[in-house]
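Coordinate-derived values only; no laboratory data. None of the values given here were measured: they were computed from a predicted structure. Positions of Cβ are backbone-derived with ideal geometry, glycine not excepted, and every protein chain shown enters the neighbour counts.
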Amino acid sequence: MTDISELDTPCVLVDLDRVEANLQRAQAFADESGLKLRPHIKTHKLPRFAQRAINFGAVGITVQKLGEAEVMADAGITDMLLTFNIIGAAKLKRLRALSDRVTIRVVADSAECVAGLSEAFADSANPLGVLVECDTGMGRCGVQSPEAALELAKIIIAAPGLEFFGLMTYPAAGKYHEAAAWLAAAKSLFDAEGIAVPIITTGGTPDIWHADEAGVATEYRPGTYIYMDRSQVAAGSASYDDCALTVLATVVSHPTTGRAIIDAGSKALTSDLLGLVGHGYIPAYPDAKVVGLSEEHGTLDVSACAEGGPKIGEQIVIIPNHCCPVTNLFDHVHLVRDGQLVETVAVAARGRVD
Ligand SMILES: Cc1ncc(COP(=O)(O)O)c(C=O)c1O
């Protein structure tokens, strides 16, 4: 048995009991809400957790990048939605190769994207399922109106090698009502033209507990929910006790009474603020603030802590602002239970942002 205090730092701890609880709670809520769950694996990049969610009832996974899809396919995951425009010959070739191995569907928000997909799949025995990405308020990718969604769907329907498979949106946090209204308006347009919309997929952990208000949506794609983080606590979708991924760091310097330095900087915690003040939460020292990061150093303001807070050599557990990019910074994560190491695993799709 290895106690986590014996681990070298900085490192990532993933609490297995919390992971299981987070997966089960979301699956139960999706079931109650009549929604299929298609978790986004970008948060953990681990085939075992993708499979675990499927074992609990998820219909498949969501991936953002082809590299993630390739890793998951190699690990035996067979049903995926890739929520990113695939542009360019190199990626189209990889997508075509993947589609020979697994069921993979993609999204598109432009005629240019659809044309590339069609060219790559025109001679395929299996048409590629394509969903229209809809901008329901996020202000990222996506067609800009329900009418534009219908227009692009007709282009997909007419394109050789492709099959129109539905609508996909990633709503802005807190804008689930707007997203639901947008999708409902689009669905009415499709119904009026007699065009079937097999899947209407929405998502996002900040509003996961409002998934039952997603209206015409048939699928929900949460990612962060498996680990949760400080930003989700701020959004009200989790408590600190739900946070499964933490960064273990060591206090390496205490230059003044009010300042302590840890060995986790932006290369461990990321610089993501997500609108928050400070770079993480330290459950053992709730009055300590992670006020600054350089690459390898984290600066704590411990002036409000009793007796100067953590001492040199002490290990501290930090809940990061945003768990997903932390995953992508470490080759390995330590799976832990009750403060003990269970297993150290390679983050299989780490770095696969291609
Ligand atoms: C397209 C898409 N779907 C789903 C998700 C999952 O979102 P969350 O991590 O908020 O659950 C994301 C997150 O970036 C996304 O970009």
Exercise. Please name whichever of ALA179, MET72, TYR285 sits farthest to the positive end of the charge dipole of the chain, dipole taken about the Cα centre and charges placed at Cβ: Lys and Arg +1, Asp and Glu -1.
Key: MET72
Self-check item: For the range 16-227: rounded, prolate or oblate by the Cα gyration tensor [a/c cutoff 1.5]
Solution: oblate
Quiz item: Roughly how big is the chain's charge dipole about its Cα centre, with Cβ charges of +1 (Lys, Arg) and -1 (Asp, Glu), in debye to the nearest 20?
Solution: 480
Self-check item: Amide H within-cut-off set for ILE199, under 5 Å, with H built and near neighbours excluded
Solution: GLY166, LEU167
Quiz prompt | the range 55-101-the range 233-286 distance, computed between alpha-carbon centres (Å) | solution = 33
Quiz item: Against the longest alpha carbon principal axis of the chain, how many degrees, from 0 to 90 and to the nearest 10, is the axis of helix 176-192 turned?
Solution: 10
Self-check item: trypsin sites (Lys or Arg not before Pro), loop per DSSP, at most 11 other Cβ atoms within 10 Å - longest free stretch of the chain
Solution: 141-310
Quiz item: Mind listing the phi-derived Karplus ³J(HN,Hα) values for the range 223-232, rounded to whole Hz, using 6.51, -1.76 and 1.60 with θ = phi - 60°, and x for any glycine or proline?
Solution: x, 4, 3, 5, 9, 6, 6, 4, 5, 6
Quiz item: Roughly what percent of Cα-Cα pairs across the range 1-136 reach past 26 Å?
Solution: 34
Self-check item: Vicinal HN-Hα couplings computed from phi for the range 151-168 (Karplus, 6.51 cos²θ - 1.76 cosθ + 1.60; Hz; Gly/Pro x)
Solution: 4, 5, 4, 5, 5, 5, 4, 7, 7, x, x, 10, 10, 6, 10, x, 10, 10
Quiz item: What is the helix-to-structure angle for 89-99, meaning the angle in degrees between its Cα long axis and the longest Cα principal axis of the chain, kept from 0 to 90 and rounded to the nearest 10?
Solution: 90
Quiz item: Using alpha carbon centroids, what distance separates the range 102-122 and the range 16-42, in Å?
Solution: 29
Self-check item: Rounded to the nearest 20 debye, dipole of the range 16-227 from Cβ charges on Lys, Arg, Asp, Glu
Solution: 720
Quiz prompt | lysines with Cα under 17 Å of LYS42, excluding same-chain neighbours fewer than 8 positions away | solution = LYS65
Practice problem: Report, for the chain, the % of DSSP beta bridges that are antiparallel, rounded to 5. | Solution: 50
